[in-house]
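K.L.:
Structure below; questions to follow.
The values are calculated or read from the model by the stated rules, or taken from the named source; none is laboratory data. Since the model is a prediction, treat every value here as computed from it, not as a measurement. Quick reminder, even Gly has a Cβ in these numbers, built from the backbone with ideal geometry, and neighbours come from all protein chains shown.
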Amino acid sequence: MNQQLPAILIIAPLLSALIINISGWVNKKLCFPIAVAGLGLASWASVNLLLRVLDEGVVLYRLGGWDPPMGIAYYVDHLNGLVLTVVSIVALLNLIANKKTIEQDFPEKTGPFYTLYVLMVTGLLGIVATGDAFNLYVLLEIAALTGYGLLAMGEDRAPLATLNYLYMGTIGACFYLLGVGYLYIVTGSLNMVDIAGILPALYQSKAVLAAFMICMIGVWLKMAFFPLHAWLPNAYTYAPSAASSLIAPLVTKVMIYVMIRLILTVFTPEYVFSTLTVSEPIVWLATIAIVMGSIFALSERNLKKMLTYVIIAEVGYMVGGAWLGNRTGMTGAILHIVNDSLMTLCVFLVAGNIVYKVKGYAFKDLKGLFRTMPFTMGAFVIGALSIIGVPPTCGFFSKWYLISGAIQAGHYGFMVALLFSSLVNVVLFFRVIEIAYYEPFAEGHGHNVLPEPMAEAPLMMLVPLLIVAASLIVVGVYTGDIVNYIIQFAIPKEIV
Amino acid sequence: MPDIISIIAAKYNYWMFIILMMIGLYAMIAKNNLVKKVVGMSIFQTAIILFYVSIGAKKGATIPILEHAHSEHANAAGSHIIQSADYVNPLPHVLMLTAIVVCVATLGVAFALLIRVYKRYHTLEEDEILAQIREK
């Protein structure tokens, strides 16, 4: 059983997606428990895998018993063991938290929604687990296509915004495929480790350079890196809250994992940081991404749209950290994948709870929420503090690593951008908190307003949210352990 | 000048796929009609499929099926050793079977979204839709 963990990780959600679809015709009440069981099994498998990786090092799984490089292999090491755990647990918590919203938003379509949801998680887990470059493309498209389906189920402008996402996402995936094709021409292999072994003799080749840049542009398109970000805000804003709180924390972060995997395993740090001389402009691009994302976020008067621009700024953090080319920056980028998934999940779950109760997420709908929904807004404050980067929460620690990495590399522009974005985040989130806390008093001059009764979201939505909020602090406290026992081994020794 | 022509002629399959890809990209960026954009997207994807298919081809090679590979003749003598130059490379072709499935699925999702957009705005011209959004 223990040997089959990487297969269970993918097959459990895949099969449960199939069963959900069938049982949706029989009895809609069956869908939710099956989805929870499928994702629960995947979470169990990923946690066990991570423990096994910590114990014995890299786990290699040959699908169908075919040896790599001929067969497809799943490599699980410290880097993707960590990301797998985060992806599966975030997906599971979000599913439980959103049972009520899914039933409220699509009473007729719960079956198809759960099917797409679980399939999407299958795709994301597969992207992270696989060690085969072409297999990654296929799983990328599985995650993307189901994602389009989920996002398009939203209100009003959702189909149009999703259509734009579909155009950009398809171009991104095609670019990645083209890059893999170039790599296949020069190396004759699709296995990541095998390619890495063949490439050093070809480092001067123009085809390898083209392959690398084309792959990178494809991945940047998919993660909404600044000049290529235009599809993201509308697609995520108009999506149903259950879908946006799955996709917003995970998709961009998984794509950043793919970028780091390409840098660390496929092309090797020696090629990326020594042979190529592109890291300087890319870090500047990340700097611009952070600044522009923060400025756009400031101009929004709508909670969910503001959060989507915060995501764009956070993508800049991680791309910049990974491209600084030193150990501290890379540690910060990997740590931020974990932290940002949890932070984004936290604030998007809050947005989901607000939409469930208030039916709106513009700033004017937030008035007086601290009185009516104290627990939800409490979680929002913790999430906000973490995104700003206040010490006991986890967001502080990854930002600390990123900033010290920037100082080590002498990239003061990137450092200033990080600090600037923290300051902007203070303004952003305290503006929201101010509206939610003080506004009704301003209208009634503080005396003749009766306190509104508490109208908190149901317990089923509240408990996962509070777990996520608590985990922001727990992960922050245990940052040292995560870095020392996991991330340290995820980064090859060449990066100092 | 003859140099350039010979360079282009020697690698004409790459030039063709790049031209096709750029036609697709142009349609996606410049066209106003959403269906035309989907057509451009399809051309773009097909160009990459053609690229993959063309890299498997070899001059004078045949389909990769080994005759008598499992019969006694194959084992009897080392007389006919299999030369990889005699057969086209099947791997890129097999990969493209998967990519074609992805293409079709993407196209299906795109058309489904187009129907929903049309129901909402009663037009598929991008500028008219944007004008409607701005009016509100």
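K.L.:
Mind checking whether some residue in the stretch A:115-123 is under 20 Å from the mean Cα position of the chain (by Cα) and farther than 20 Å from A:Ser23 by Cβ?
P.N.:
yes
K.L.:
While we're on this one: In the stretch A:235-243, is there at least one residue being touching a Pro at 6+ places or on another chain (Cβ under 8 Å) and more than 14 Å from chain B (Cβ to nearest Cβ)? Break it down stepwise before answering.
P.N.:
Residues of the stretch A:235-243 that are touching a Pro at 6+ places or on another chain (Cβ under 8 Å), as a first pass: none.
No - not one qualifying residue is present in the stretch A:235-243.
K.L.:
Tell me, please, whether a residue that is surrounded by fewer than 22 Cβ atoms within 10 Å (Cβ to Cβ) and assigned to a helix (DSSP H, G or I) can be found in the stretch A:228-239.
P.N.:
yes
K.L.:
Residues in the stretch A:339-371 that are closer than 16 Å to A:Asn94 by Cβ and touching a Leu at 6+ places or on another chain (Cβ under 8 Å): how many?
P.N.:
Counting residues in the stretch A:339-371 that are closer than 16 Å to A:Asn94 by Cβ and touching a Leu at 6+ places or on another chain (Cβ under 8 Å) gives 13.
K.L.:
Report yes if some residue within the stretch A:417-436 is farther than 17 Å from A:Leu298 by Cβ and either hydroxyl-bearing (Ser, Thr, Tyr) or modelled with pLDDT of 85 or more (or both); otherwise report no.
P.N.:
No.
K.L.:
Okay, moving on. Tell me which residues, restricted to the stretch A:129-157, are within 17 Å of A:Ser241 (Cβ to Cβ), more than 20 Å from the chain's Cα centre (by Cα) and facing another protein chain (nearest Cβ under 9 Å).
P.N.:
A:Asp156, A:Arg157 - these are the residues of the stretch A:129-157 that are within 17 Å of A:Ser241 (Cβ to Cβ), more than 20 Å from the chain's Cα centre (by Cα) and facing another protein chain (nearest Cβ under 9 Å).
K.L.:
Consider only pairs whose beta carbons are under 7 Å apart and that are at least six residues apart or on different chains; among these, list those whose first residue lies in the stretch A:140-164 and is on the phi > 0 side of the Ramachandran plot and whose second residue is part of a loop (DSSP other than H, G, I, E, B).
P.N.:
A:Asp156/A:Tyr238
K.L.:
A further question follows. Among the residues of the stretch A:196-207, are any buried (at least 24 other Cβ atoms within 10 Å of the Cβ) and of a type in the set (Val, Ile, Thr)?
P.N.:
No, the stretch A:196-207 contains no residue that is buried (at least 24 other Cβ atoms within 10 Å of the Cβ) and of a type in the set (Val, Ile, Thr).
Okay, residues lined up against (1) farther than 19 Å from B:Leu107 by Cα; (2) within 11 Å of another protein chain (Cβ to nearest Cβ); (3) in a loop (DSSP other than H, G, I, E, B):
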{"position": "A:Tyr165", "(1), (2), (3)": "no, yes, no"}
{"position": "A:Ala173", "(1), (2), (3)": "no, yes, no"}
{"position": "A:Gly181", "(1), (2), (3)": "yes, yes, no"}
{"position": "A:Asp194", "(1), (2), (3)": "yes, no, no"}
{"position": "A:Ile198", "(1), (2), (3)": "yes, no, no"}
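K.L.:
Given the structure, is A:Glu452 touching a Phe, Trp or Tyr at 6+ places or on another chain (Cβ under 7 Å), modelled with pLDDT under 90 and in a loop (DSSP other than H, G, I, E, B)?
P.N.:
In short, no.
K.L.:
Just to confirm my filter: which helices (runs of 4 or more DSSP H) fall fully inside the stretch A:355-418 and include at least 1 residues that are more than 24 Å from the chain's Cα centre (by Cα) and of a type in the set (A, V, I, L, M)?
P.N.:
Those helices (runs of 4 or more DSSP H) span A:369-372, A:394-409.
K.L.:
Does the stretch A:186-209 include one or more residues that are under 19 Å from A:Asp340 (Cβ atoms) and not charged (D, E, K, R)?
P.N.:
no
K.L.:
Report whether or not A:Leu160 is at the interface with another protein chain (Cβ under 9 Å from one of its Cβ atoms), more than 26 Å from A:Leu60 (Cα to Cα), more than 21 Å from the chain's Cα centre (by Cα) and assigned to a helix (DSSP H, G or I). Working first, answer last.
P.N.:
On the way: at the interface with another protein chain (Cβ under 9 Å from one of its Cβ atoms): yes; more than 26 Å from A:Leu60 (Cα to Cα): yes; more than 21 Å from the chain's Cα centre (by Cα): yes; assigned to a helix (DSSP H, G or I): yes.
So A:Leu160 fits the description; yes.
K.L.:
If a residue must be aromatic (Phe, Trp, Tyr) and either at pLDDT 90 or above or in contact with a Phe, Trp or Tyr (Cβ under 8 Å, 6 or more places away or on another chain) (or both), how many such residues does the stretch A:207-235 contain?
P.N.:
So the count comes out to 3.
K.L.:
Among the residues that make up the stretch B:31-53, is at least one of them more than 10 Å from chain A (Cβ to nearest Cβ), touching a Gly at 6+ places or on another chain (Cβ under 9 Å) and modelled with pLDDT under 90?
P.N.:
Within the stretch B:31-53 (the criterion being more than 10 Å from chain A (Cβ to nearest Cβ), touching a Gly at 6+ places or on another chain (Cβ under 9 Å) and modelled with pLDDT under 90), the answer is yes, since at least one residue qualifies.
K.L.:
Additional query: Just one of the numbered conditions (1) more than 23 Å from B:Ser54 (Cβ to Cβ); (2) of a type in the set (Gly, Ala, Ser); (3) more than 9 Å from chain A (Cβ to nearest Cβ); (4) in contact (Cβ under 8 Å) with a residue 24 or more places away in the chain is not true of B:Ala110; which one?
P.N.:
Just one mismatch for B:Ala110, condition (3).
K.L.:
When the residues of the stretch B:91-107 are narrowed to those that are facing chain A (nearest Cβ under 8 Å) and of a type outside the set (A, V, I, L, M, F, W, C), which ends up surrounded by the most Cβ atoms within 10 Å (Cβ to Cβ)?
P.N.:
This residue is B:Thr106.
K.L.:
Filter the stretch B:122-136 down to the residues that are without any contact (Cβ under 8 Å) to a residue 12 or more places away in the chain and either at the interface with another protein chain (Cβ under 8 Å from one of its Cβ atoms) or of a type in the set (Gly, Ala, Ser) (or both) and list them by number. Steps first, please.
P.N.:
Narrowing the stretch B:122-136 to residues without any contact (Cβ under 8 Å) to a residue 12 or more places away in the chain: B:122-123, B:128, B:130-136.
B:Ala131, B:Ile133 - these are the residues of the stretch B:122-136 that are without any contact (Cβ under 8 Å) to a residue 12 or more places away in the chain and either at the interface with another protein chain (Cβ under 8 Å from one of its Cβ atoms) or of a type in the set (Gly, Ala, Ser) (or both).
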